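Let me begin by presenting the structure, written as structure tokens, before commenting on it.
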Amino acid sequence: MSVEENKVIVNRVWNEVLNECKLDVVDELVDTSYVYHGPGGHEIKGPEGLKQFARGLRTSFPDLHFTVEDLIAEGDKVVSRWTSRSTQRATNKQMTNMGIIITHVVGGKCVEDWEIYDRLYLAEQGATGWFKKRMVSSIANKIRKMLP
């Protein structure tokens, strides 16, 4: 696959899977061996894991929209710099966030992602439920490990 073809695949994940929640295309775009590595050791495995994650995001943030600010590719890696905007269902609060994700594409499918975003910034904006629990738990565990 060319660099441009890899960018098209990653852009489809952003637009069709995450923004439009068209989960039927996940199997076309994501390999069965897919692994997502997120902040705090968060992992998602396989197309079904990604579908479950996308459904959870959409449930908690019904109007969630990602804007890809930059899409840069070299070889079999595509880097996306993104901004998200949403309203959290539980609190009706507007939330924004930014992050960077590196996607490894092989044979026309995403096989691995490495992402970084500001979890504390989300928590400060009033995240609740499973999202806040995951963020706060991860941060607390890291602090505990640093203590004597």
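Nothing in this text is a laboratory measurement; each read-out follows from the coordinates by a stated rule. Not measured: the values here are computed from a predicted model. Using ideal geometry, Cβ is built from the backbone for each residue, glycine included, and neighbour counts are taken over all protein chains shown.
Quick look at the values:
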{"read-out": "Amide H contacts of Val35 (H built 1.01 Å from N, under 5 Å, at least 5 apart or other chain)", "value": "Gly46, Glu112, Asp113"}
{"read-out": "Ranked list, fewest to most other Cβ atoms within 10 Å of each Cβ, for Met1, Met146, Met95", "value": "Met146, Met1, Met95"}
{"read-out": "Estimated 222 nm signal from helices in the chain, with DSSP H stretches of n ≥ 4 weighted -39500 (n - 2.57), rounded to 500", "value": "-10500 deg cm²/dmol"}
{"read-out": "Spacing of the two label points (7 Å from each Cα toward its C-beta) at Val106 and Asn11, in nm", "value": "2.5 nm"}
{"read-out": "Burial ordering of Asp70, Asp76, fewest other beta-carbon atoms within 10 Å first", "value": "Asp70, Asp76"}
{"read-out": "Highest-MSF residue in the chain out of Asn11, Asn92, Asn19 [GNM, Cα springs under 10 Å]", "value": "Asn92"}
{"read-out": "Kirkwood Rh, Cα atoms: Rg over Rh of the range 3-118", "value": "0.95"}
{"read-out": "Label point distance in nm, Glu74-Asp24, each placed 7 Å from Cα along Cα→Cβ", "value": "3.9 nm"}
{"read-out": "Calculated FRET efficiency for the pair Tyr117/Ile143, C-beta based, R₀ 22 Å, to 0.05", "value": "0.70"}
{"read-out": "Percentage relative contact order, the range 3-118, counting C-alpha pairs under 8 Å, at least six apart", "value": "28 percent"}
{"read-out": "Taking Ile143, Ile102, Ile72 and counting other C-beta atoms within 10 Å, the order from fewest to most", "value": "Ile143, Ile72, Ile102"}
{"read-out": "Net charge contributed by nearby residues that have their C-beta within less than 12 Å of Gln52 (K/R +1, D/E -1)", "value": "+3"}
{"read-out": "Cross-link pairs beyond the 29 Å C-alpha cut-off, checked among Lys109/Lys145; Lys22/Lys93; Lys7/Lys93", "value": "Lys109/Lys145; Lys7/Lys93"}
